[in-house]
Amino acid sequence: MQNILVPIGISKNAKSNLKFAIKLANSFGSSIYVIDAYPSTSSLTSISNVSLRLAKEKIERIRILINHVKPKASNIKIVESELDLIGAIKKLDQNIGIDLIITASLNNEINNEVFLGPIAGSLIKRLDIPVLVAPLNKGFKPPKKMLLAFKTGEVKDVSTLNAMIEFQDKFKAKLKLLLVKVPGFINRNHSLDDILMKRSENLIYSENETVYKGVLEYFQVFKPDILVTFKRERGFFEKLWEPDIIYKKDFYCKVPLLVLKNKD
């Protein structure tokens, strides 16, 4: 895991999220790229001197945060771009290859009922890059137990699993599989990728209305250190991820949540 991207906004959680990312990156020897999560889109920024001043203010805000968390860190770089956040991330990914995005479970949202704010939600919805949602105000701890929950174990591209595999190999973590039989479940959903079977301790079945309810059923039994899920174009959480904002009543996780993009 060479390159990790951390979007930083104006949330009070930005500091703890950056700390989490730095500790994780140190475990892998990764480089961290920090990008402003709130690029200006106002028409006022079309005026060159205003745009330049705002850009400098953003960079300075991020630099102050980095210096406060980890002064003289040589593996942390600030990303500057005139594109919107998603466009800037896609361009950076094309240039260097981003292995993981780390975001907070709540970005600049006052509403306590919200699990993922619009920034985190849009990163998961619009990008193919794995996203790790870090719990609020909790430092990174090497995971010993991982739970992968899904409703179909077909993996179209093995590279989809890279982030999960790196976590498992680096920290010697045990992996359990949870296959949730939701309404409309068909036999082909039981077709599991060979890599998943070889890397897991066992496969557990659950019959529930949603994958999330299946996770709730077994979460306290397994007590995983990381929960892994798939974000499919038409599949797991397909309705949940339609909006950018995810409410706690629909999904909530107290441990790091690793979302892998699995194409249909």
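Here are the numbers for the structure shown:
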quantity	calculated
Sites Asp128 and Arg61, calculated FRET efficiency, Cβ-Cβ separation with R0 25 Å, nearest 0.05	0.30
18 Å Cα-Cα threshold exceeded, pairs from Lys144/Lys172; Lys19/Lys261; Lys72/Lys141	Lys19/Lys261; Lys72/Lys141
For the range 72-86 versus the range 120-141, the gap between their alpha-carbon centres in whole angstrom	17 Å
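Every number here is computed from the coordinates shown, using simple stated rules; none is lab data. What you are looking at is a predicted structure, and each value in this text was computed from that prediction instead of being measured. Cβ sites come from the backbone with ideal geometry, for glycine too, and all protein chains shown count toward neighbours.
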